[in-house]
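Taken together, the values in this text are just the output of simple stated rules run on the coordinates, not laboratory data. Quick caveat: nothing in here was measured; it's all calculated off a predicted structure. Reconstructed Cβ throughout: ideal geometry from the backbone, glycine too, with neighbour counts over all protein chains shown.
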Amino acid sequence: MTYNIKYDNTKDTVNNWNDRKESMIKLIQHYNPSVIGMQEVLHHQITYIDSALTDFSYIGVGRDDGQQKGEYSPIVYNHTKLKVLKSNTFWLSPTPEKVSKGWDAALERICSYGLFENKADQSKFYFFNTHFDHRGAIAREKSAELILKKIQEINLQGYPVVLTGDFNLSPGEKPIVFLKKNLHEGKDYTLKPFYGPSGTFSGFDHNRILDLKIDYIFVKGFKVQSYIHIDDRMENNKHISDHLPILAHLTKE
């Protein structure tokens, strides 16, 4: 799963985190993904998620200081099924090893990743999770190039790879086309027909036509059995986040 949960903005009076968080936990428990790439997660939000989902743990750091400050792009995983063998975070910038803002980006942006082992059969895979800048066009282009370069450098064993994120890009834009030359985009690659609205961004507007797709799951070395954009809402018809979660069922190639 990939899920931008919307950071806890105190100005969000009608879409307040405290009014959404329990519904989000129920959604995750219902669909029960083994691993989730989340975006826009503040420290107290990941602490809440970690305590509410008892079978899950997380890896990741805050982008502002490499510790707990600022938004995380954490990877939340079911520790009864998966084991983390190694993990790290790099910044989307010319100096990825340290806290930094890249190119024309408005904010610091990161990619967190882990090498996971499936406890059932000891198979291994890499999972990368990111959130591209919302303003910097050059930053989005360079971030796509950097992530692919990093995947090649890190995954020397050629394990299967998942890349999730809010890319702030629609499908026809250059960085997405670039990524699709090197990875499979789940929606295009699914064996079972895609299900759900074509878009992933709701903006908390329940009257909005859901046709803006900016969130993705990319894979390499996996088959995509199914791929859905989940348009579940709360009883009052409000969205749980301003993005829809995406759920992909992956199996070994």
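Proximity of backbone amide H atoms, modeled 1.01 Å from N, is registered between Ile214 and Thr200, Phe201 at under 5 Å, excluding neighbours fewer than 5 places apart on the same chain.
Please give me the summed charge of the neighbours of Phe56: other residues whose Cβ is under 15 Å from its Cβ, Lys and Arg +1, Asp and Glu -1. Numbers along the way, then the final one.
Values: positive: Lys21, Lys26, Lys81, Lys83, Lys119; negative: Asp50, Asp55.
It works out to a net charge of +3.
Evaluated over the stretch 1-117, the count of Lys pairs having alpha-carbon atoms less than 23 Å apart is 12 (only pairs 8 or more residues apart or interchain).
Taking Cα pairs under 8 Å and at least six residues apart, what relative contact order does the chain come out at, in percent?
Numbers: 594 pairs, mean separation 43.7, N = 253.
Relative contact order here is 17 percent.
Rounded to the nearest 0.05, what FRET efficiency do Tyr31 and Lys223 have when you use their Cβ-Cβ distance and R0 = 22 Å? All intermediate terms of the calculation are to be shown ahead of the outcome.
On the way: r = 19 Å, r/R0 = 0.87.
Rounded to the nearest 0.05, the efficiency is 0.70.
Placing pseudo-labels 7 Å out from each Cα toward the beta carbon at Lys83 and Asp55 gives an inter-label distance of 1.9 nm.
Just the C-alpha atoms of the stretch 2-252: what Rg/Rh do they give, with Rh taken as the Kirkwood radius?
Rg divided by Rh gives 0.93.
Look at Ser112, Ser143, Ser23 and count the other Cβ atoms within 10 Å of each Cβ; fewest to most, that gives Ser23, Ser112, Ser143. Only lysines eight or more places from Lys223 in sequence, or on another chain, were considered; those with a Cα closer than 17 Å are Lys124, Lys180, Lys181, Lys187, Lys192, Lys252.
Each Cα pair under 8 Å and six or more residues apart adds its sequence gap; the mean of these over the residue count of the stretch 29-169 is a relative contact order of 21 percent.
Spatially, the stretch 102-119 and the stretch 186-215 are offset by 23 Å when compared through their Cα centroids.
Let me know the shape class of the stretch 1-110, please: from the alpha-carbon gyration tensor, a ≥ b ≥ c as square roots of the eigenvalues, rounded when a/c is under 1.5, otherwise prolate if a/b is greater than b/c, or oblate. Working shown, then result.
Numbers: a/c = 2.33, a/b = 1.25, b/c = 1.86.
In terms of gyration-tensor shape, oblate.
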